Amino acid sequence: MIALEAVSKGYGGQDLLRGCSWRVGRGERIGLVGPNGAGKTTLCRILAGVEEPDEGRVHLDSGVTVGYLPQEVAGGVDRTVLAEALSGFDQVWELEAELERLADAMARPDADPGLTERYGEVQHRFEALGGYRLEAAAKMILGGLGFAPAGLHRPLGEFSGGWRMRAALARLLLLRPDLLLLDEPTNHLDLESLGWLENFLASYDGSVVIVSHDRYFLNRMVTSIADLAGGEVEVYPGDYDHFLVEREARRALTEARARNQAKRIEEIERFIDRFRYQATKARQVQSRIKMLEKVERIEVDGDSRRIHFKFPQPPRTGRIVIRLDGVRKAYGDNVVYAGVNFVAERAERIALVGVNGAGKSTLLKMLAGVLPPDAGERVLGSHVDVHYYAQHQLDALDPAHTVLEELEAAAPDATHTRLRTILGSFLFSGDAVDKRVTVLSGGEKARLALAKMLVRPAALLCMDEPTNHLDLASKEVLEEALAGFTGTIVFISHDRYFINRIGTRVVEVQGGRLTDYLGNYDDYLAASAARTSAEPASAPAPGRPAGTSGVTPPAGPSGRRPAAALAPPAPVPPSAPARPAPAREPTSPSREGSSKKSGRRALEREVKAIRGRLETIETQIAEMETRLADIGLALADPDLYRDGNRAREISESRRQAEEQVAWLMKEWEELSERLTAVEGG
């Protein structure tokens, strides 16, 4: 479909692409990955024809259309949302205008009889180009991306950059080009819109190249990974998880070959040095010198620079870190919260989820203290300082400052040496500390915002989309740093892998109400699905509302809702009957002895049931791990990816098997703890 042949491209003396060759075939789903600054956006712009390469050529099959969604869009702010989505169909609208002119002309008394035939021809072309279905299709796509019907006729200028990006994405999806290039499409989507986009792309019949730092999204969407590093592209079949394993295997193989080659070269050089001046060995020496000249040295790429940091550990706080009591917030007539309550305790990691516009960022800003509530009370616990990471870094950064000045403003008492050390760990070294904030890339602003959180310890981190604009390697470092942080974290993220890795509690924000779920994102999905589909409306829901007054369950002494009100009860294995409650009425000595024997027998039966269930689970886990190994072998076969549907089916099978293993392991751990408690009792 499209191919790059020995393409090179550079800016300001820095080469991003060096002799890069790559081809994209029909029906392929490719994830383009690489560290920040590797040239992924440049490569997409060259594929889209927006930029020309310095060297090499781009071959595009005749008739192939290419659609490109950049990270930042500059759509017409005067157009409505619907008009922007429909703006790629100029020919259709010209035909519609001509139909209107012909209809007006045909209505005149002296109309030319030939106009009827002309009207029929134009109408046929208009219908063939989808003129009658375009508006309905546009509304469907815009609705899937989160636009309310009432907002479709509002000017784009009234929306934020993220919503304008959605309108541009809708325009592109409506055009349905043969090759779809999406540069960070997930950055401005909430979880519901992200799920809709995944379903749309799964049925898309063209080729798709996705630049994304969302590991979960890549695993679900792509059948191969194109790794851009060192100015060249290397393709790995399979999803992102398979790519990580295969890349390490290839790197290990290259390192082994390089070591063997170095050893062989050393032996040859030793022979040359030993016999260089012996006439009887002159021919052998010259032969080996020529051999060395022909050797193509195997180069092992060094690890690219990565950020490295740990959050400073805060002082120990009280149990309650922050509390909102009866908080109200409104923007004009739009009441976001009317008397909401919220409590965060020490060491909790709380993910706020919900559709865009539900009020997640508003809640986080009130928790962070950067947005005052209209009514109600915000109470910080003892020894609690707060760090706030804004979704849009310029909201929290001064564009006129240099990188170093921005850190100095956050910690005026810190020495330059300490500040430069912190900046160095975020890849700001040398003259880079003198760059103005206004010229930084999205990834650099994200790193600087994180660096500001390290200058002083804080017990509460409020983070709004902290993974946006970070490459996958940097996200992994951030995950590790947050995992090792002993304070409290309240965060918003659309990255499901990140929520699963960090979150211990999920709070759903919907309609001005907060609903608590214990566990990570997968636990939240399971509990939410059970609440909406499996339980009658009158039964207590797995996640109890914890937002509006009059609905919040009674708080305990600490102000925290009971755990039973936050999550569904742990499932009891069918083979493990509940332990009977002890009798309450007085008993005679003989009856008491009989009761003890009966209790021991009941205890023995319970232990036996638990052990039997544990053995069954262990057998199931072994079977699933064998199945996963077989699936891994299938995914490692390059021929599999000639059939995109088959590759997606097998990838989905692996995902389901991994989820099944996770649930079995969770049940095994719960039963093991229960067995220990029963035997100990």
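The values are calculated or read from the model by the stated rules, or taken from the named source; none is laboratory data. On a predicted model such as this, the values are computed, not experimentally measured, just so you know. Note that each Cβ is placed from the backbone with ideal geometry, even for glycine, and that neighbours are counted across all protein chains shown.
Some observations on this one:
- The residue list Leu173, Leu179 contains one member that is out of contact with any helix residue (DSSP H, G or I) (no Cβ under 6 Å at 6 or more places or on another chain) and crowded, with 22+ Cβ neighbours inside 10 Å, which is Leu179.
- Val437 crowded, with 16+ Cβ neighbours inside 10 Å and modelled with pLDDT under 90: yes
- Of all positions in the stretch 354-374, none carries a residue that is buried (at least 17 other Cβ atoms within 10 Å of the Cβ), assigned to a strand (DSSP E or B), in contact with a helix residue (DSSP H, G or I) (Cβ under 8 Å, 6 or more places away or on another chain) and at pLDDT 90 or above.
- Boolean, Ala137 is in a helix (DSSP H, G or I) and either closer than 11 Å to Leu82 by Cβ or free of Cβ contacts under 8 Å to residues at least 24 places away in the same chain (or both): no
- Taking the stretch 268-280 as the range and being in a helix (DSSP H, G or I) and surrounded by 10 or more Cβ atoms within 10 Å (Cβ to Cβ) as the test, the residues that pass are Ile268, Glu269, Arg270, Phe271, Ile272, Asp273, Arg274, Phe275.
- Any hit, the stretch 118-126, residues being outside any helix (DSSP H, G or I) and on the phi < 0 side of the Ramachandran plot: no
- Residues located in the stretch 394-410, provided they are part of a helix (DSSP H, G or I) and within 12 Å of Ala451 (Cα to Cα): Val403, Leu404, Glu406, Leu407, Glu408, Ala410
- Evaluation of Asp413 against (1) charged (D, E, K, R); (2) assigned to a helix (DSSP H, G or I); (3) free of Cβ contacts under 8 Å to residues at least 40 places away in the same chain (one fails), failing number: (2)
- The residues of the stretch 374-410 that are charged (D, E, K, R) and touching a residue at least 24 places away in the same chain (Cβ under 8 Å), listed by number, are Asp374, Glu377, Arg378, Asp385, Asp398, Glu406.
- Tally, over the stretch 9-27, of residues that are charged (D, E, K, R), more than 12 Å from Leu43 (Cβ to Cβ) and without any contact (Cβ under 8 Å) to a residue 60 or more places away in the chain: 1
Residues checked against (1) surrounded by fewer than 17 Cβ atoms within 10 Å (Cβ to Cβ); (2) of a type in the set (Gly, Ala, Ser); (3) free of Cβ contacts under 8 Å to residues at least 24 places away in the same chain:
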site: Ser429; (1), (2), (3): yes, yes, yes
site: Ala451; (1), (2), (3): no, yes, no
site: Arg456; (1), (2), (3): yes, no, no
site: Ala481; (1), (2), (3): no, yes, no
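- Count - residues of the stretch 355-403 that are within 19 Å of Glu508 (Cα to Cα) and of a type in the set (Lys, Arg): 2
- Remark: pairs (first residue in the stretch 309-327, among the polar types (S, T, N, Q); second residue buried (at least 20 other Cβ atoms within 10 Å of the Cβ); Cβ separation under 6 Å; 6+ apart in sequence or on different chains) = Thr317/Val384; Thr317/Ala459.
- Leading residue by the ranking (surrounded by the fewest Cβ atoms within 10 Å (Cβ to Cβ)) among those in the stretch 605-621 that are modelled with pLDDT under 80 and among the hydrophobic types (A, V, I, L, M, F, W, C): Val607
- When each of Arg306, Arg297, Arg328, Arg316 is tested for being within 30 Å of Arg247 (Cβ to Cβ) and over 27 Å from the mean Cα position of the chain (by Cα), the lone residue that passes is Arg297.
- Residues located in the stretch 455-472, provided they are within 30 Å of Gly146 (Cα to Cα), out of contact with any His (no Cβ under 6 Å at 6 or more places or on another chain) and outside any loop (DSSP other than H, G, I, E, B): Cys462, Met463, Asp464
- Residues of the stretch 484-510 satisfying the condition of being in a helix (DSSP H, G or I) and modelled with pLDDT of 90 or more: Phe498, Ile499, Asn500, Arg501, Ile502
- One residue stands out in the stretch 28-49 among those that are in a loop (DSSP other than H, G, I, E, B) and modelled with pLDDT of 90 or more: the one that is farthest from Tyr11 (Cα to Cα), namely Glu28.
- The number of residues in the stretch 286-333 that are more than 30 Å from Arg270 (Cα to Cα) and either at pLDDT below 85 or part of a loop (DSSP other than H, G, I, E, B) (or both) comes to 19.
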